[in-house]
Amino acid sequence: MSKKKIAFFDAKDYDIASFDEANKDGNFAIKYFDTKLTKDTVKLAKGYDAVCVFVNDTVDKKVIDALEKKGVKLVALRCAGYNNVNVKHAAGRVGVVRVPAYSPYAVAEHAMSLLLTSIRRIHKAYIRTKDFNFSLNGLMGFDLHGKTVGVVGTGKIGRVFMDICRGFGMNVIAYDKFPVKDAGIEYVELDEIWKRSDIISFHCPLTDETYHMVDAKSIKEMKKGVVLVNTSRGALIDAEALLKGIRTRHIGAACLDVYEEEADVFFEDRSGHIFEDDTLARLISMPNVIVTSHQAFLTKEALTNIANTTLSNIRDYLETGKSENEVRIE
Ligand code: NAD
């Protein structure tokens, strides 16, 4: 077989390192582009067999039509979520594959890191002691032991997160549209998650149904002082409503690895720029909001698995027209 050509969009140093390692036998010709895939950059894909994309690349109707026209056969997502791909439109035009699991531990452990950092005020303490300020005023936290955590989405990541929470002696309740049978999970309806939880952590995909599931109405139903943890997709939470909930003190804290308008901001160094997104700037300015830049997946183990699975997805699909990790609308 001749070497298959991959146009790799939004390439970062850590992507290049892990994919070069996975491709050390040189089976693929990979061209790394640091630009994202959009309708304006899709022309770069001409002459390639596959494009490899990440969470903030755009794979809408226009881009899919352009890819098909250029003879590209496959969109290989190097992530699990595929809300940025119009899968319905892709059907019969280009294949779509993804990496359904690479390390649920990476994401679940990051969610717990954010939660602990937030409630034990580590983000504040770190800066204080760097400046030789050893005061404890304002750093009081609370025990996780005995608190109720509501987990929305009990798939691979949600279940690892629940195990971690149980290790802390927390009461775990969960909501899932498709509950897992006999898994020893206490499933409740969503409104009960809102009412009973001291902490709510999101691990479900972004769909039409889950879009803005946290909005002004659901926030009103939540306990005063609730801590929200989102490592799933930003648009599960209406950021304006969240900001309002923080300002009115109804929400105790928010830990965000994702943000609904993250596409033009996250993964990039914006430190020298005038920051245009007032909502995100205001959220970041709050002492009880922690933002990481869609970092939850970023472990050595996860990157290795992502690179290996993506390349085998591409090989399988281009050689046989099939892949076990194909994304299809049922
Ligand atoms: P998964 O497919 O194993 O689990 C998702 C769960 O959500 C399933 O149990 C499913 O039944 C449930 N679900 C589907 N629709 C729902 C709805 N309307 N309401 C409630 N639950 C619903 O996925 P996973 O590997 O656990 O990943 C979960 C999410 O985490 C992904 O969709 C992705 O958006 C996000 N993610 C983020 C990062 C990161 O770096 N921040 C990395 C990987 C995944």
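Can you put 16, 290, 200 in order, fewest other beta carbons within 10 Å first?
On the way: 16 15, 290 21, 200 24.
Taking fewest neighbouring Cβ atoms as first place, the list is 16, 290, 200.
At q = 0.22, 0.24, 0.26, 0.31 Å⁻¹, what log₁₀ I(q)/I(0) does a Debye calculation on the Cα points of region 16-66 give, no solvent, two decimals?
Values, matching the q order: -0.87, -0.98, -1.08, -1.31.
Computed on alpha carbon atoms, what radius of gyration and Dmax characterise region 104-291, expressed in Å?
Cα only, region 104-291: 16.4, 52 Å (Rg, Dmax).
Given Cα pairs under 8 Å that are at least 6 residues apart, what percent is the relative contact order of region 104-291? Don't skip to the answer; put the middle values down first.
Working: 319 pairs, mean separation 34.6, N = 188.
This gives 18 percent for region 104-291.
Which ³J(HN,Hα) values, rounded to whole Hz and listed in residue order, are derived for region 188-201 from phi using the Karplus coefficients 6.51, -1.76 and 1.60 in 6.51 cos²θ - 1.76 cosθ + 1.60 with θ = phi - 60°, glycine and proline given as x?
Once rounded to whole Hz, the list reads 9, 6, 4, 5, 6, 4, 4, 6, 9, 8, 7, 9, 10, 10.
How far is helix 300-320 tilted, in degrees, relative to the longest principal axis of the Cα atoms in the chain, given as a value from 0 to 90 rounded to the nearest 10?
30
Looking at this model, which pairs from 147/300; 36/300; 39/88; 12/39 are more than 27 angstrom apart at the alpha-carbon?
The answer is 147/300.
Ranked by Cβ crowding within 10 angstrom, fewest neighbours first, how are 237, 122, 157 ordered?
122, 237, 157
For n ≥ 4 DSSP H runs only, could you compute -39500 (n - 2.57) per run for the chain, divide by its residues and tell me the 222 nm figure to the nearest 500? Don't skip to the answer; put the middle values down first.
Details: 11 runs with 111 residues, N = 330.
Result for the chain: -10000 deg cm²/dmol, rounded to the nearest 500.
When a/c is below 1.5 the answer is rounded, else prolate if a/b is larger than b/c, else oblate, so apply that to region 131-178 with a ≥ b ≥ c taken from the square roots of the Cα gyration tensor eigenvalues.
Prolate.
Based on other C-beta atoms within 10 Å, arrange 82, 175, 14 from fewest to most. Show your work: numbers first, answer last.
Values: 82 21, 175 24, 14 11.
Ascending Cβ contact count within 10 Å gives the list 14, 82, 175.
Roughly how far apart, in whole Å, are the Cα centres of region 279-304 and region 90-108?
Rounded to whole Å, the Cα centres lie 21 Å apart.
Explain nothing, just the number: relative contact order of the chain, from Cα pairs under 8 Å at least 6 residues apart, as a whole percent.
So the answer I get is 17 percent.
With 28 Å as the cut-off, how large is the P(r) tail for the chain, expressed as percent of Cα-Cα pairs?
Tail of the P(r) past 28 Å holds 45 percent of the pairs.
Taken together, the values in this text are just the output of simple stated rules run on the coordinates, not laboratory data. Bear in mind that the values here come from a model prediction, so they are computed numbers and not experimental data. All Cβ positions, even for glycine, are placed from backbone atoms using ideal geometry, and neighbour counts span all protein chains on display.
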